[in-house]
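Participant: Sharing a structure, written as structure tokens. Questions coming.
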Amino acid sequence: MYGRMETILVYRGRPITKDDVDFIRNLIESNPDDHRTALSRKICRTWNWTQPNGHPKDMVCRGLLLRLEAQDYIKLPSKRCAAGGRHFVAPQPVTVDQSPISGDISSLGPITIHQVRRTPFERLHDGLLAQFHYLGYARPVGEHLKYLAFARGRPIACLTWSSAPWHIGCRDRYIGWDGPSRRRHIHLVAYNTRFLVLPWVKTHCLASHLLSRTARTLSQDWQNVYAHPIYWLETFVDTDLFRGTCYMAANWLYLGKTTGRGKDDLTHRPTRSIKAVWGYPLRRDFRERLRDG
């Protein structure tokens, strides 16, 4: 058990204590030739910090290390950019046909939706978000999948799904989650982090159609990649900019509003804009599966 007084911060649901920080400092000092990835993997092994499919939470751990360094608890080794290494590269601009597409859905012909993470089309997905989404592209942390929709041989929309925020009060109350059940089952929830219908595509009801189509396959796609299903979908909508009409039309449920405090808040004060929370169950028995397993 972690003592309340020794907890320095909570990161992705894990309390980080002074003993944890001392362990990380000693690990860095004892392994001066290790790069950041090697250090995070050793921490994951020692803490048994793994995803449900058994893979280490490497990216989450590296995020924790950056947070600790930013708050002056540790000093990380310098970044290395060795050739062939798996380093983040910002999406590059992509060239696509931007001639207008309009009409009703049936006029588009067959619409296909492809899961493109770890495929040659992932670059196109990322580049379109970087160029045309109002928030740009953000590299997902944790489990995530990416989708591209095509019509007439052209991309028309991008959807990104990732690990869910750790705590959302209105969602947790709707599901009936207490702290322990949320910690056990949060990995069974997927969060729609980005949804972009390309600006030259003007087709009535297309957005809700794509949401409904993606919801039918998302759980199985997640099972194929991460070895577990998904039972609940959710997203945030900035009500200063949008009304959430496409989620409403796709039969999503309005649950309430965020507090504006973020997932790792310790100050109990709003630090970001307050957003509407929408959710969508993928099974009738979603509550039982999310509470009891």
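The values are calculated or read from the model by the stated rules, or taken from the named source; none is laboratory data. Just so it is clear, the structure is predicted and the values come from calculations on it, not from any experiment. For neighbour counting, all protein chains shown are included, and Cβ atoms are generated from backbone atoms with ideal geometry for every residue, glycine included.
Participant: Going by the conditions given, is ARG182 assigned to a helix (DSSP H, G or I), over 25 Å from TYR137 (Cβ atoms) and among the basic types (Lys, Arg)?
Facilitator: Yes.
Participant: May I pose another question? Where residues in segment 92-126 are among the charged types (D, E, K, R) and in a loop (DSSP other than H, G, I, E, B), which of them is nearest to TRP200 (Cα to Cα)?
Facilitator: The residue in question is ASP97.
Participant: Looking for something over 23 Å from HIS144 (Cβ atoms), loosely packed, with under 12 Cβ neighbours inside 10 Å, touching an Asp or Glu at 6+ places or on another chain (Cβ under 7 Å) and modelled with pLDDT of 85 or more - is there at least one such residue anywhere in segment 72-80?
Facilitator: There is at least one residue in segment 72-80 that is over 23 Å from HIS144 (Cβ atoms), loosely packed, with under 12 Cβ neighbours inside 10 Å, touching an Asp or Glu at 6+ places or on another chain (Cβ under 7 Å) and modelled with pLDDT of 85 or more.
Participant: Of the numbered conditions (1) under 22 Å from TRP232 (Cα atoms); (2) modelled with pLDDT of 95 or more, ILE156 satisfies every one except a single condition; which is it?
Facilitator: ILE156 satisfies every listed condition except (1).
Participant: Moving to a separate point now. Go through segment 13-70 residue by residue and tally those that are within 24 Å of PRO140 (Cα to Cα) and either free of Cβ contacts under 8 Å to residues at least 60 places away in the same chain or assigned to a helix (DSSP H, G or I) (or both).
Facilitator: Selection size over segment 13-70: 33.
Participant: Looking at segment 127-153, which of the residues that are touching a helix residue (DSSP H, G or I) at 6+ places or on another chain (Cβ under 8 Å) and modelled with pLDDT of 95 or more is farthest from TRP200 (Cα to Cα)?
Facilitator: LEU145
Quick grid of which residues meet (1) within 18 Å of the chain's Cα centre (by Cα); (2) closer than 24 Å to GLN223 by Cα; (3) crowded, with 17+ Cβ neighbours inside 10 Å:
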position: LYS18; (1), (2), (3): no, no, no
position: ASP22; (1), (2), (3): no, no, no
position: ASN26; (1), (2), (3): no, no, no
position: SER30; (1), (2), (3): no, no, no
position: HIS35; (1), (2), (3): no, no, no
position: ASN48; (1), (2), (3): no, yes, no
position: GLY54; (1), (2), (3): no, yes, no
position: ARG62; (1), (2), (3): yes, no, yes
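Participant: Is segment 190-208 home to any residue that is part of a loop (DSSP other than H, G, I, E, B), assigned by TED's automatic domain parsing to the domain that holds THR245 and crowded, with 20+ Cβ neighbours inside 10 Å?
Facilitator: There is no residue in segment 190-208 that is part of a loop (DSSP other than H, G, I, E, B), assigned by TED's automatic domain parsing to the domain that holds THR245 and crowded, with 20+ Cβ neighbours inside 10 Å.
Participant: Considering only residues that are within 20 Å of the chain's Cα centre (by Cα), at pLDDT below 90 and either outside the structural domain of GLN220 (by TED's automatic domain parsing) or under 25 Å from LEU218 (Cβ atoms) (or both), which ones fall in segment 263-293?
Facilitator: Correct list: LYS263 only.
Participant: Also: Taking the conditions exactly as written (touching a Lys or Arg at 6+ places or on another chain (Cβ under 8 Å), part of a loop (DSSP other than H, G, I, E, B) and either outside the structural domain of ALA215 (by TED's automatic domain parsing) or without any contact (Cβ under 8 Å) to a residue 12 or more places away in the chain (or both)), does PRO77 satisfy them or not?
Facilitator: Yes.
Participant: Residue by residue through segment 187-217, note down the ones that are at pLDDT below 95 and farther than 21 Å from ALA249 by Cα.
Facilitator: Matches in segment 187-217: HIS187 only.
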